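The values are calculated or read from the model by the stated rules, or taken from the named source; none is laboratory data. Everything quoted here is computed from the prediction, not taken from an experiment. FYI the Cβ positions are ideal-geometry reconstructions off the backbone, even for glycines, and counts take in every protein chain you see. To get the accessible areas, we keep the full protein, side chains included, count just its heavy atoms, and leave off ligands, DNA and RNA. Shrake-Rupley method; radii C 1.70, N 1.55, O 1.52, S 1.80 Å.
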Amino acid sequence: MSNSEFPDDELRREQEFIDGLYARVDVLRGDAEVSVTDALAQGDTPMQARLERDILVAERSGLLAALNAVDGSLCFGRIDLASGDTHHIGRIGLRADDADRTPVLIDWRADVARPFYLATGLTPMGLRRRRHISTEGRRVTALHDEILDLGDETRTGHEDPTGDAVLLAALNSARTGRMGDIVRTIQADQDRIIRAPHRGVLVVEGGPGTGKTAVALHRAAYLLYEHRELLARRAVLIVGPNPAFLGYIGEVLPSLGETGVLLATVGELFPGVRTTRTDTPEAAAVKGRAEMADVLAEVVRDRQALPDPVITIEHDREILMLDDGLVTVARERTRAAKLPHNAAREHFEGHILNALTDMVAERIGTDPYDGSNLLDPSDITQIRDELAENPEVWSAIDRLWPRLTPQRLVADFLAAPEGYLSDEDAAAVRRPVTRHWTVADVPLLDEAAELLGEDDRLARERAERERQTQIAYAQGVLDVSYASRTFEFEDKEDDDPESSEVLSAHDIIDAERFAERHEEEDHRSAAERAAADRTWAFGHIIVDEAQELSPMAWRLLMRRSPTRSMTLVGDPAQTSEAGGVGAWADILGPYVEDRWEHTRLGVNYRTPAEIMDVAAAVVRAEHPDFEPPGSVRSTGVRPWARATDDLPGAVAEAVAELTPAEGRLAVIAPRETHRALAARLDGVTAGAEPDLTHDVVLLDPRQAKGLEFDSVLVVEPGRYGTSDLYVALTRATQRLGVLHTGPLPRALADALA
């Protein structure tokens, strides 16, 4: 780099520092790649060495992922302390190669970096200056200095009088279809939420554009940094409203050096089921009610049947009868154990076998003269064993206490819900068994799995069969090895010392231990293992658009968080799902009563004041006391509305007019209009999950939740409810247009007049 390239001394010094960082990064990346390759090439190793190898691979793989994710945007700031010390702040921490491992780049989550976000002229926190470093790739493009010690007369020529240049540049930049991190521009109120203690439930409420989603994601990154050992082992779960939203936020945590997080929708939280299908609003509301837990429990109890009137079993040319009274006793004793249905079946089997054994013993072992029992305990045991081999006995038990799967139980219930629900509710949820699962079904499946449990005996038997298969295979390998060695030495003299001293595999290991050494290793991350395990307990759970989840969905999530370590993000004013709970107290009361913290973000960074005024007027027409978040900026561009008789043509024309040179445009329209609109929009497909990286995307209001675009075209707002319309109107960062064929809602028409 020549001096003419960076004539400014400050720019040149920062560029030299950045170049040094990336030289270090390149070395680290190379070392990590070599160490991972070497470790994986070790092959079979003793157990302890294998464990150490796996830990090394995980650590180095995580380092590689972090370095690759932050490449090109590693360092973004510097703080100059009154003591004379200087610290550069970045997305990850790096240390020098010296003996003291001196910090070269401070991780933004470290305590020493906190003044970068909190210091002010009134409370400088020991700082003289705060510098924001702008880069493109590895090249420094601009510096913005904030003077915090007004007594310091040193000037660099890069002073930012307001201290808002970097924030405003980020807010006005073109959108890419992917959420960017806010690590360079975290505000003081956001920082306090990000660094809040991870125990307990924290509710972060905020209107559109307040950055609540970004804050929640940065909180996940902070918690993973602060509680690395715990959360790396238990994993962090982030729940979003739809797959498009998860794709939108999917790059934020990797850009902060964190890759071990599970992102999922409610429709993905039951292993083996992945669905985006939705019910009618009426069906979703019924399925989401908390009462459905009691309904499913009743469905399970009804599958624990009684004979009608008796079940006959032929055994040893005798007829045994299981009647209502005998089975009722067995059923009640089994239920008294308070075990899940499938886990309790072994108890029921025992009660039935004992009852049948007593029946047979009484018939064949009673003395006809004095009525005494002539059978000894070994005879009784033999009778029971013979009954346990009778297929008719097991057929009867299967009828009375069948093994059930969650899928079958819920499918059968939804096919015939009569008797468990009111006629109206039953009509809303009834469907053929062959239909696919919906998002609202997933909490029902999870509830059913909780009620049914697993039959551990079957799992144990399956595991033992697999183990015996592996041992048999290992024995075969050892036998081949032994035969090979025997053939090799069969021509040697019996007294050959070399022949007598050579050990074969048979001499040093048996088949069982040999099989154990070659068991398949599980290299999955904690997040990957958690995704496959319904009973996994996460270290922390973050829920976005939390107000939309139904009571049944909350039951599912609370099972995943027995410690109640959660961050809930949302805005009750944007509740639109029929089954949504909305109020925080209603959500949390059944689980933690009033033991939860609440904070609110009140500054709108996304939506310009001109657009926010229109959106707020729509909500105030229904809720006069509504207070929207205050916008930090104004564009001077007023939203507009146009009536049309040719909706697809008008949309195509408006899209051409609104599409920015850079950035993204969203057409937000009722789902029933999508096919006609997509036919007039290049590259847009109706019905598919939207690709938010396209220049133009077509969404309905609920798909647009949590997203933002440079320009937004709202179509047919008269067909939306207030909440959906509020969401649609607040997605734009620059420009908003409205197209309609029918009359506008009165409040919207007045606000746009």
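Any residue at all in segment 723-734 that is among the hydroxyl-bearing types (Ser, Thr, Tyr), in a helix (DSSP H, G or I) and either open to solvent by 30 Å² or more (accessible area, probe 1.4 Å) or touching a Lys or Arg at 6+ places or on another chain (Cβ under 6 Å) (or both)? Within segment 723-734 (the criterion being among the hydroxyl-bearing types (Ser, Thr, Tyr), in a helix (DSSP H, G or I) and either open to solvent by 30 Å² or more (accessible area, probe 1.4 Å) or touching a Lys or Arg at 6+ places or on another chain (Cβ under 6 Å) (or both)), the answer is no, since none of the residues qualifies. Of all the residues in segment 635-691, those that are closer than 21 Å to PRO743 by Cα and among the hydroxyl-bearing types (Ser, Thr, Tyr) number 2. Looking across VAL410, VAL439, VAL393, VAL433, one residue alone is surrounded by 14 or more Cβ atoms within 10 Å (Cβ to Cβ), in contact with a helix residue (DSSP H, G or I) (Cβ under 6 Å, 6 or more places away or on another chain) and not in a helix (DSSP H, G or I). It is VAL439. The residue of segment 331-360 that is nearest to the chain's Cα centre (by Cα), among those that are among the charged types (D, E, K, R) and open to solvent by 30 Å² or more (accessible area, probe 1.4 Å), is LYS338.
Are any of the residues in segment 233-241 in a helix (DSSP H, G or I), out of contact with any Ser or Thr (no Cβ under 7 Å at 6 or more places or on another chain) and either of a type in the set (Gly, Ala, Ser) or closer than 21 Å to ALA531 by Cβ (or both)? The answer is yes, given that some residue of segment 233-241 is in a helix (DSSP H, G or I), out of contact with any Ser or Thr (no Cβ under 7 Å at 6 or more places or on another chain) and either of a type in the set (Gly, Ala, Ser) or closer than 21 Å to ALA531 by Cβ (or both).
A quick yes/no check of all residues on (1) surrounded by fewer than 19 Cβ atoms within 10 Å (Cβ to Cβ); (2) without any contact (Cβ under 8 Å) to a residue 60 or more places away in the chain; (3) part of a loop (DSSP other than H, G, I, E, B):
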{"site": "PRO254", "(1), (2), (3)": "yes, no, no"}
{"site": "LEU263", "(1), (2), (3)": "no, yes, no"}
{"site": "ASP294", "(1), (2), (3)": "yes, yes, no"}
{"site": "ASP308", "(1), (2), (3)": "yes, yes, yes"}
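Selection of first residues in segment 199-215 that are on the phi > 0 side of the Ramachandran plot and of second residues that are open to solvent by 10 Å² or more (accessible area, probe 1.4 Å) and aromatic (Phe, Trp, Tyr), restricted to Cβ pairs under 9 Å at least 6 apart or on distinct chains, gives the following pairs, ordered by first then second residue: GLY200/TRP596; GLY209/TYR605; GLY211/TYR605. Segment 525-641 holds strands (runs of 3 or more DSSP E) entirely within its bounds, and those carrying 1 or more residues that are among the aromatic types (Phe, Trp, Tyr) and open to solvent by 30 Å² or more (accessible area, probe 1.4 Å) map to 596-601. Within this structure, ASP358 passes the test of being free of Cβ contacts under 8 Å to residues at least 24 places away in the same chain, assigned to a helix (DSSP H, G or I) and not hydrophobic (A, V, I, L, M, F, W, C). Every listed requirement among (1) within 25 Å of TYR225 (Cβ to Cβ); (2) surrounded by 15 or more Cβ atoms within 10 Å (Cβ to Cβ); (3) modelled with pLDDT under 95; (4) among the charged types (D, E, K, R) is met by ARG95 save one, (2). In segment 656-668, the count of residues that are among the basic types (Lys, Arg) and either open to solvent by less than 50 Å² (accessible area, probe 1.4 Å) or outside any helix (DSSP H, G or I) (or both) is one or more. On inspection, ALA704 does not qualify as farther than 23 Å from GLY207 by Cβ and either aliphatic (A, V, I, L, M) or buried (at least 21 other Cβ atoms within 10 Å of the Cβ) (or both). Taken as a whole, the condition of being out of contact with any Asp or Glu (no Cβ under 8 Å at 6 or more places or on another chain), over 19 Å from PRO572 (Cα atoms) and touching a residue at least 12 places away in the same chain (Cβ under 8 Å) applies to ARG234. Restricting attention to segment 119-133, the residues being surrounded by fewer than 17 Cβ atoms within 10 Å (Cβ to Cβ) and either among the polar types (S, T, N, Q) or in contact (Cβ under 8 Å) with a residue 24 or more places away in the chain (or both) number 4.
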